[in-house]
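Everything below concerns the one structure shown next.
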Amino acid sequence: MPRIYLTTPIYYVNDVPHVGHAYTTLNADAVARWHRLLGDDVYFLTGTDEHGLKIQRSAEENGLSPIEQADRTSVRFRETWELLDISNDDFIRTTEHRHHVAVQELLTRAYDNGYIEKNVYEGAYCVSCEAYYTDDELVEGNCPIHKRPVEQMSEDNYFFRLSAFADRLEAWLTDTPDAITPDGYRNEALGLIRQGLDDVSISRTSITWGVPVPWDEGHVFYVWYDALINYATAVGFGADPERFETWWPATHHVLGKDILRFHCVYWPAMLLAAGIEPLPRFHVHGFLLVGGEKMSKTGINKIAPAELVADFGVDGFRYALLRDNSFGPDSEFSYEALLGRYNSDLANNYGNLVQRVCTVVVKQCGGVGPPPRPDSPLAVVATAAYRETAEAWDRFQPAVALDATWRLIRETNEFLARNEPWKMEPGPEVDAIMGDALEALRIVCILASPAVPTASATAWARIGMDGAVGEQRLPEAAEWGQYPGGSAIGAGDPLFPRLKA
Ligand code: ME8
């Protein structure tokens, strides 16, 4: 059975999630759901990153201990993912015992292999990034990401010999065209490697909130080198070698471009240092911008997912965010754009199709769904829509996949508008048209379910289909002609009521 292990970044618990975090998690969730439809064995992980100076300081500001801060905020992430119907199989917290074991095991292997050594570190540090910057990476003396002042730090550190891996990393990226998608980000990672890789400091003595270095008490691992290892922890690294070997070759990491350097350069090198292969695959997206600025926890432009769910519903928010913001480039986020998407694609198209089909079948076909015609003009449309949808999910392009699925919705609506079955007398002609429309709708419910799982389940039941829509198996279930005919069709409230501006 094909297998896929999908991960999101583990988010910092200094503050609650915003729409930017929801964007990453939703894209990963939709891909996970697509792979379940394919019958693949899926393991989908998300979680929270709880160590380091950033968390220690926000705890102090809130008058809490670091673990209290982590407990309170981690739960806010969990609640948000429940609200958004995220289908994760696991939720990891870096403060868990299983994670400490894995971090110590992986880094001890790298140490034993001679890739970690002690030295003094001095440099400019951004607490928001939890990262050191060289002087030429700073923008007017500020952090290039947060545009805020950096701090000068000096400490006795353990260093990871990143420089030893430059050639192997370059060979990996040139030999594996789909190692990082979209392709522009692979070029970015190659650029970073070709610029030259310095060794990096991976431990701190100035803080205690972290995983202790097992061979030198008084040092804790620096937050990034603890955090990245979560991906290995969750599939059994250091505890269950058989489980780890089952999942690791199928690893796909989903992330924003802000953390590309850590994921696509440092993490593969760490894995090689610990003797772990094959290297994972990476799917990188750009920033959601508000007024041209990155939506961020420290900015004033952050929006809570719950605010949008209140207006659009869970499925409405899921679909509009996924469809309106292509995976890869930066994307300007706007409420008006979401509203436009919701009304055009959900209220006027998907919702309207369900409503129309059910109403006409109730009125003109006695409430019983007729079977489709094998030679329906919609059959070729459905076949092409499936092919394009599947191909786009496979390339990790949810927005493109949904566009292809929605073409089948639009064409089915146009087919009905052309034939006007609502004006016909009951009889074979109207039955033929409605059988075709029901079959197209059956396929749509399956293909749309990764983005709009609840509405698709409702539509599935309304057209009289048995079982769960999420348990259908592709590609067989997308083949034309399977609508059984003879099922009772139910009418109901609009799935996506039209919203006013
Ligand atoms: O970096 N647009 O956590 P974090 C799109 N703990 N995506 C956004 C976004 C935006 N405006 N803002 C945030 C960390 N994101 C580390 C990760 S992983 C081992 C450790 C998303 O809470 C995007 O996925 O700062 C980005 O990479 C991530 O949140 C950063 O989350």
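Structural remarks
- Simple label model, 7 Å out from Cα along Cβ direction - Asp71 to Leu38, nm: 4.1 nm
- Other residues whose C-beta falls under 12 angstrom from the C-beta of Arg442 contribute a net charge of -3, scoring Lys and Arg +1 and Asp and Glu -1.
- Summarising the strand pairing of segment 3-303, around 50 percent of its internal DSSP beta bridges are antiparallel.
- Shape of segment 1-121, Cα gyration tensor, a/c cut at 1.5: oblate
- Put simply, the amide H of Tyr125, placed in the peptide plane, has neighbours under 5 Å in Tyr133, Glu151, Gln152, Met153, leaving out anything fewer than 5 places away on its chain.
- Helix axis angle, 428-448 relative to the chain longest principal axis, alpha carbon, degrees: 10 degrees
- Eigenvalues of the alpha-carbon gyration tensor of the chain, scaled by 5 and square-rooted, set the equivalent ellipsoid semi-axes at 48, 23, 19 angstrom, largest first.
- Computed from the Cβ-Cβ distance with R0 of 51 Å, the FRET efficiency linking Val101 to Glu479 stands at 0.60.
- Within the assembled protein chains, the solvent-accessible surface assigned to Val150 is about 30 Å², based on a 1.4 Å probe.
- Carbon plus sulfur fraction of accessible area for the chain, probe 1.4 Å, in percent: 49 percent
- C-alpha long axis of helix 398-419 to longest principal axis of the chain, angle in °: 10 degrees
- Think of a 1.4 Å ball rolled over the protein heavy atoms: segment 3-303 then has 39 Å² of accessible area per residue.
- Proximity of backbone amide H atoms, modeled 1.01 Å from N, is registered between Ile202 and Tyr158, Phe159, Phe160 at under 5 Å, excluding neighbours fewer than 5 places apart on the same chain.
- Helix 352-364 axis, angle to the chain major axis (alpha carbon atoms, nearest 10°): 30 degrees
- Heavy-atom accessible surface of segment 339-488, averaged per residue, reaches 38 Å², computed with a 1.4 Å probe.
- Neighbours of Asp330 by Cβ distance under 12 Å: Lys/Arg scored +1, Asp/Glu scored -1, total -1.
- Were the residues from Ala239 through Ala384 laid out at 0.36 nm apart, the gain over their Cα-Cα distance would be 47.6 nm.
- Working note: Karplus 6.51/-1.76/1.60 with θ = phi - 60° gives segment 452-469 the couplings 10, x, 6, 4, 5, 5, 5, 4, 4, 5, 4, 8, x, 7, 8, x, 9, 4 Hz, where Gly and Pro are set to x.
The values are calculated or read from the model by the stated rules, or taken from the named source; none is laboratory data. Keep in mind that what you see is a predicted model, and the values were worked out from it rather than measured. Backbone-built Cβ (ideal geometry, glycine too); neighbour counts: all protein chains shown. These accessible areas exclude ligands, DNA and RNA; they are computed on the full protein's heavy atoms, side chains included. Shrake-Rupley method; radii C 1.70, N 1.55, O 1.52, S 1.80 Å.
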